[in-house]
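Any read-out appearing in this document is the output of simple, stated calculations on the displayed coordinates, not a laboratory observation. Here the structure is a predicted model, which means the values were calculated and not measured. Glycine also receives a Cβ, built like all others from the backbone with ideal geometry; neighbour counts cover every protein chain displayed.
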Amino acid sequence: MAQPLYTAHLENKLLLSEPAQCYHLEFSISGLNSFDFIPGQFVSMVSVDPHGKEQTRAYSIASAPAGNRFDLCLNKVEGGFFSNKLCDMEPGQDVRFYGPNGFFTLRQPLTDSIFIATGTGIAPMRGFIQHLFPASGSESSPESGKDRSEGRRIWLVYGTRHETGLYYHQYFEKLAAEHPNFQYLPTLSRPQEDWKGLHGYVQDHVVELLKSRSNGNHPAPTAAGPATFDIHAYICGLNKMVSSNRQHLLELGWQRKQIVYERYD
Ligand SMILES: Cc1cc2nc3c(=O)[nH]c(=O)nc-3n(C[C@H](O)[C@H](O)[C@H](O)COP(=O)(O)OP(=O)(O)OC[C@H]3O[C@@H](n4cnc5c(N)ncnc54)[C@H](O)[C@@H]3O)c2cc1C
């Protein structure tokens, strides 16, 4: 059966980073009271380009379900049709979309989880985190209800070059301060001198945190045995980063189904 084509109405727009030209867009869906999706899924935006050709692009939903609303986080790609169209929209304007789509969702039952993202790959992670820790997600109005993290340990390893590329930084910092089972690990590959956080690429820190976890009560995952399935990694961003992190985990003995990923290119 064909999916319905919805109209998203831009309610609010925030510039998250001037140098990266990254925007946070908040939409409501015209004629719909409730938009049912699973955190981490994407919408397929549709528009006609200047040559009269219909174009479709996927964008991860950067929020948890909240009535008929959803957020996006995207940056302008140089010369790119759709990213420029969306980032240049003004509140009050509409865009059409299909969805929700995709399988980049939290596996059940929930386990300890490492969220690994670079750049706008943070979008579905924000959706996961709003879903797991709804009471503290005060930026917009995420799902109501109590903490859904079930006491699992959740790590967010978020990499970018410069500090200006850490989107939603304060939101994640605040949440980490409020929830002992949520750890936020931002890491910069080209930090300025005054940066006091982690340096380097996301994969370096993933290995470190796995080591520290295996020193505690949790055995490190091995190729077989029950310990294997007590943790998942969720990776999102450009293909190069996703592939290298995935490869890294496979080499450490992780099984394929423990590694859930979404590639943007
Ligand atoms: C499942 C899925 C979810 C996605 N979610 C998001 C999201 O939440 N936020 C987001 O910003 N993007 C997301 N993307 C990428 C998005 O769909 C577009 O590819 C991107 O916005 C570029 O589209 P465009 O029409 O502007 O550029 P195009 O006209 O399609 O491409 C212009 C050039 O840019 C290159 N390019 C394509 N995508 C990127 C990129 N992301 N970064 C750098 N260069 C690129 C292309 O190779 C091409 O050479 C997602 C992609 C997928 C498959």
What lysines sit close enough to LYS76 to cross-link, taking a C-alpha to C-alpha distance under 27 Å and skipping anything fewer than 8 places away on the same chain?
LYS13, LYS53, LYS85, LYS240
In the stretch 17-95, the GluC sites (Glu not before Pro) that sit in a DSSP loop and have at most 16 other Cβ atoms within 10 Å of their own Cβ are GLU78
So if I place +1 on the C-beta of Lys and Arg and -1 on the C-beta of Asp and Glu, and nothing else carries charge, what would the dipole magnitude of the chain be about its Cα centre? I want it in debye, nearest 20.
680
Divide the volume of the convex hull of the Cα atoms of the chain by its number of residues and quote the answer in cubic angstrom per residue.
142
Within the stretch 154-215, DSSP-loop GluC sites (Glu not before Pro) with at most 16 other C-beta atoms within 10 Å are GLU193
Here FRET efficiency (C-beta to C-beta, GLN108 to GLN192, R₀ 41 Å, nearest 0.05) is 0.50
Taking R0 as 35 Å, what's the FRET efficiency between GLN3 and LEU252 from their Cβ-Cβ distance, rounded to 0.05?
0.35
Return the Rg/Rh ratio of the stretch 6-101 with Cα-based radii and a Kirkwood Rh.
0.94
How many nm is it between the label spots at GLU173 and VAL207, if each spot is 7 Å from the Cα in line with the beta carbon?
2.9
Sequence neighbours fewer than 8 away in the same chain don't count; with that in mind, list the lysines whose C-alpha is under 21 Å from LYS211.
LYS257
Along the Cα→Cβ direction, 7 angstrom out, place labels at PHE81 and ASP230. What is the inter-label distance in nm?
5.1
Would you mind computing, in nm to one decimal, how far apart the modelled labels at SER243 and GLU90 are, each placed 7 Å from Cα along Cα→Cβ?
4.2
Beta bridge orientation in the chain: antiparallel %, DSSP, nearest 5:
55
